[in-house]
Amino acid sequence: VQAIEIKRIEKSTRDFTDYKDVWVFGEQRNGQLNQVVYELIGEGRKLANKLGENLCVALIGNKLTSKAKDLINYGVDKVYLVDEEGLAIYNDEAYTAVMTELINCYKPSIILLGATAIGRSLGPRVAARIKTGLTADCTGLDIDSESGILLQTRPAFGGNIMATIVCKNHRPQMATVRQGVMKPAKRKSGYNGQVIKHHFDYNKLNLRTRVLKVVEEITDMVKLEEADIIVSGGRGVGSAENFKLIRELAEVLGGAVGASRAAVDNGWIPYAHQVGQTGKTVSPKIYIACGISGAVQHLVGMRSSDVIIAINKDPNAPIFNVATYGLVGDLNQIIPAMIKEIKLR
Ligand code: FAD
């Protein structure tokens, strides 16, 4: 992966003094905030501190007052709450209208959304309405110290370069951010924040779409993005049948099963398990890569894991460059030995 060197970013000649504060879109379903919201609060806090501005959350839905108050415990300075019965279920048109009104009213300088199905749908719609830019799928954010402009980094050209994108002449600066990349904010008491209830006239909306029913996907899978331990298998596992080794190791460790694209393309495991550029981004406490070479497109999805353990028979496999611990050898011997040892403890 090459990093493009940023030369000097010149300040815009436009006056943006009215635009202040870092906002996070508080994505929720059935009153439960998506984990990415806490990650964006953690990252947003750092950006807000660098700018000397407030960190705020825009929370839209129904019966969310206690959720809004609870967000203060994560270090949020202001929660803008729009609480309406008609907004209980996410709807592109309605949420776009609400976000557009909030932004026009309070003028944030930065808005962060999760790169989730909802964030990816809502972000561009809002950006188009307020005539600003949006960088999709960011994996890194920072503030340029001279210009105060948001540096938005994301993989480009098939993951071969990391591109840093800036939005110089428009405000707010908007980005969707991959799940599992940023460290989540921790809950603590003693913060001073406020909940600002914003009245939105739902009846003025002339919606062309209506959500008839929300059908939950039935899955027996642990959510990869939320797992503390992930055991992933690659082409080196050899077959669908042999994936039982990966499943068993994950099971004894109480973790989830991940995979490289090669394993998914071979039909050994469903796509929902794929980690990487075109799969999921994860940052568990422990990531065990078994028979995975460490292609850049895989690394981009897991390299921020706390501890990476690589099992590979090739001592020169690139995965060892990012591994905390490396085991050189045949996974068919190493994994059963690990399972046996863990079961004894
Ligand atoms: P390989 O590269 O074939 O590596 C297999 C490894 O297993 C080797 O290092 C080998 O030494 C080792 N091995 C073999 N047998 C054993 C054994 N018995 N014991 C121990 N080790 C053994 N890839 C992803 O993973 N996720 C993505 O999201 C993704 N997105 C992509 C997007 C684009 C646009 C492109 C172009 C590619 C993408 N890829 C992605 C594919 C990526 O480039 C690699 O091809 C893929 O990650 C390789 O998977 P692998 O490491 O399992 O297989």
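Assorted remarks:
- Test: residue 339 is surrounded by fewer than 20 Cβ atoms within 10 Å (Cβ to Cβ), away from the ligand (no atom under 12 Å from the Cβ), part of a strand (DSSP E or B) and not aromatic (Phe, Trp, Tyr): no
- Test set (1) free of Cβ contacts under 8 Å to residues at least 60 places away in the same chain; (2) in contact with a Pro (Cβ under 9 Å, 6 or more places away or on another chain); (3) closer than 18 Å to residue 258 by Cα - residue 328 fails condition number: (3)
- Search result, residues across the range 41-83 that are part of a loop (DSSP other than H, G, I, E, B) and open to solvent by less than 40 Å² (accessible area, probe 1.4 Å): 53, 64, 75, 76, 77
- Some residue of the range 44-53 being closer than 27 Å to residue 97 by Cβ and touching a Ser or Thr at 6+ places or on another chain (Cβ under 9 Å): yes
- Residue match in the range 207-229 (condition: assigned to a strand (DSSP E or B), farther than 26 Å from residue 98 by Cα, open to solvent by less than 90 Å² (accessible area, probe 1.4 Å) and modelled with pLDDT of 95 or more): yes
- Single condition residue 194 does not satisfy, out of (1) within 16 Å of the ligand (Cβ to nearest atom); (2) open to solvent by 30 Å² or more (accessible area, probe 1.4 Å); (3) at pLDDT 95 or above: (1)
The values are calculated or read from the model by the stated rules, or taken from the named source; none is laboratory data. This is a predicted model, so every value here is computed, not measured. Note that we place each Cβ from the backbone using ideal geometry, even for glycine, and neighbour counts take in every protein chain shown. Each accessible area value is taken on the protein alone, full model and side chains, heavy atoms only, with ligands, DNA and RNA left out. Shrake-Rupley method; radii C 1.70, N 1.55, O 1.52, S 1.80 Å.
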